[in-house]
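Notes follow the structure.
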Amino acid sequence: MEAGLPAELPRLTRKAAKPVPGIVHLGLGAFFRAHGALYIEEAMQASGGDWGIIGVSLQSSAMHDRLAPQDFVYTAQELGPNGEQLHQVGVVTDVLVARQDPDAVLATLADPGIRLVTLTITEKGYCHDPATGRLNMAHPDISHDLDSEHPVSSIGFLVQALARRRDAGLPPFTVLSCDNLPDNGRLLRGIVLEFAGKLDADLAHWIAEEGRFPSSMVDRIVPATKPEDIDALATKTGVLDEAPVLHEPFRQWVIEDDFVEAYGADARPDFGAVGVELVANITPYEDMKIRMLNGTHSSLAYLGYLAGYETISETVADPVFAEFVTHLWRHEIMPSFTPPPGVDLKAYAEALFQRYANPAIRHRTWQIAMDGSQKLPQRLLGTVRDNLADRRDCLGLSTAIAAWMIYVGGTDLDGKPIDVRDPLADKLKALSDSGTTPGEKVVALLSVEEIFDPQLVKGLRLHVESAYILLSMDGVRPVLEHMA
Ligand code: CS2
């Protein structure tokens, strides 16, 4: 119960029968509950099938503790610019907490009824080196899992569960990554095979032959739910939901059509019936989404935060930022990739701008700024690499990278401390502190090979260094104003 609400408020309850599970979702957070879960519930309503979702939280029991007293149902609150819609979601049937009971997670993953495992474990959950895409063998969770029956990483759980299925003579489940990483399925397959190969070469061979890891592109803006959102919803409905999700109206899910063959038509929910696009080649969709949306989201997050803006909608309400993001799309991002067939990129960019401007979505710049070391390569650096190769402009993207460097230095342009959340936060701060001039700081940060490919650094250094100097001297708005 949140403070300030009447103690007698009844708790949200399940209205319809609980579905039979067919899916395990690793990393059950707000995003999947506001995106994949809704599609899956609708697909079951449209075409049937047993596709209830058992969520797994890797570490904390918070999601379980909030959802269990309301039998795992929750409210999805759609926030449009002109009003909202509430929808009760019942597709989640249980939540397991891996740190508390790893055996329960492994047993569930090995259950014959489970045919699909979906993941939103965020970039850092892949325990890989973002610059190369290879498994990071030095990662403490990976060295732990290679030597234990009780895994802690998603990779460890997947591999041990697949081993149990093979030993039981069952087909594998399809592994469907829903994180914002290009070729997320191929990346995950590579990491899983690398890990499995360390344990048992036959297992790695079986996974390589029988396993399926379709890539997918996911899109919906879902800001973190805050305590005041819970209070406001309870006041509105008279019912307490401790785990609502807030989301924009827009949604898109494109999945590579490649599921475990042994299950035939029963390998997946009827995604096609509810607008999920099943395609043979996912790359153009991923390039478009990650470069156009996530690339500008991160750019606006660092520059917007340093300009004193709390949310993306506040940031783009400033005409200087509106011009800047339009410049990024038009001159630096759109020319860098081949769009999916039939997509009008200009219209896509215009729609993105409207989504960012939606004042009902309070998506904090600080939230998006999190884990930048894991996000920069696919969001910004791929585009920069292509632009440098084709001698195209990358002034705006270099300015965004410089803003990230100032941000991870831990002090904003007014001298106030920044609460930097990033797996490499300490290392990045130390590198920034190791330089006394902007040039030295930029060179020190560009030396982080987990993020920056040394080949790229040569072309990038001068651009980023001058942007860093200008941002520090003049402040964010004058620099952006000058650019547009
Ligand atoms: C955001 C994404 O937090 C972030 O890094 O850029 O979560 C973004 O909102 C989604 O990818 C939109 O689909």
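Values quoted throughout were computed directly from the atomic coordinates according to the rules given, and no laboratory measurement underlies them. What you see is a predicted model; the values in this text were computed from it and never measured. Cβ atoms come from the backbone with ideal geometry, glycine included; neighbour counts cover every protein chain shown.
In table form, for the structure just shown:
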| quantity | calculated |
| --- | --- |
| ³J(HN,Hα), Karplus 6.51/-1.76/1.60, whole Hz, each residue of segment 110-121, x for Gly, Pro | 8, 5, x, x, 7, 10, 9, 10, 9, 9, 10, 10 |
| Global geometry of segment 283-351, whether rounded, prolate or oblate, following the gyration tensor of its Cα atoms and the 1.5 cut on a/c | prolate |
| Cut-off 12 Å between beta-carbons: net charge of the residues surrounding L246, Lys and Arg +1, Asp and Glu -1 | -2 |
| Amide H contacts of T93 (H built 1.01 Å from N, under 5 Å, at least 5 apart or other chain) | I53, I54, G55 |
| Lysines with Cα under 25 Å of K427, excluding same-chain neighbours fewer than 8 positions away | K124, K375, K416, K441, K458 |
| Segment 21-279: radius of gyration over Cα atoms, expressed as a fraction of 2.2 N^0.38 Å | 0.99 |
| Efficiency of FRET from Cβ geometry, E310 and T437, R₀ 25 Å, rounded to 0.05 | 0.20 |
| Cβ crowding within 10 Å averaged over residues, with 275-285, 12-22 ranked highest first | 275-285, 12-22 |
| Cα→Cβ-extended label distance, 7 Å offset, between A17 and D344, nm | 4.6 nm |
| All aspartates and glutamates inside 13 Å of K226 as judged from Cα atoms, apart from same-chain residues fewer than 8 positions distant | E2, D241, E242 |
| Prolate/oblate/rounded call for segment 432-484, Cα gyration tensor, a/c under 1.5 rounded | oblate |
| Length added when fully stretched, R164-R99, from 0.36 nm per residue minus Cα-Cα | 21.5 nm |
| Peptides 454-467, 335-348 ordered by average Cβ neighbours within 10 Å, highest first | 454-467, 335-348 |
| Calculated SAXS-style log₁₀ I(q)/I(0) at q = 0.05 Å⁻¹ - the chain, Debye, Cα scatterers | -0.19 |
| Gain upon complete extension [Q367, E149; 0.36 nm per residue less C-alpha separation] | 75.0 nm |
| Spin-label pair A107/A224, simplified geometry with 7 Å Cα→Cβ offset, distance in nm | 3.4 nm |
| Vicinal HN-Hα couplings computed from phi for segment 305-319 (Karplus, 6.51 cos²θ - 1.76 cosθ + 1.60; Hz; Gly/Pro x) | 4, 5, 7, x, 8, 8, 10, 5, 5, 5, 4, 7, 6, 7, x |
| Inter-label distance for K458 and H87, nm, one decimal - labels placed 7 Å from Cα along Cα-to-Cβ | 5.1 nm |
| Those aspartates and glutamates that a straight Cα-Cα span of less than 20 Å connects to K198, excepting residues fewer than 8 apart in one chain | D129, D141, D145, D147, E149, D167, E209, E210 |
| Neighbour cut-off at most 14 other Cβ (10 Å), DSSP loop, chymotrypsin sites (Phe, Trp or Tyr not before Pro), segment 131-225 | none |
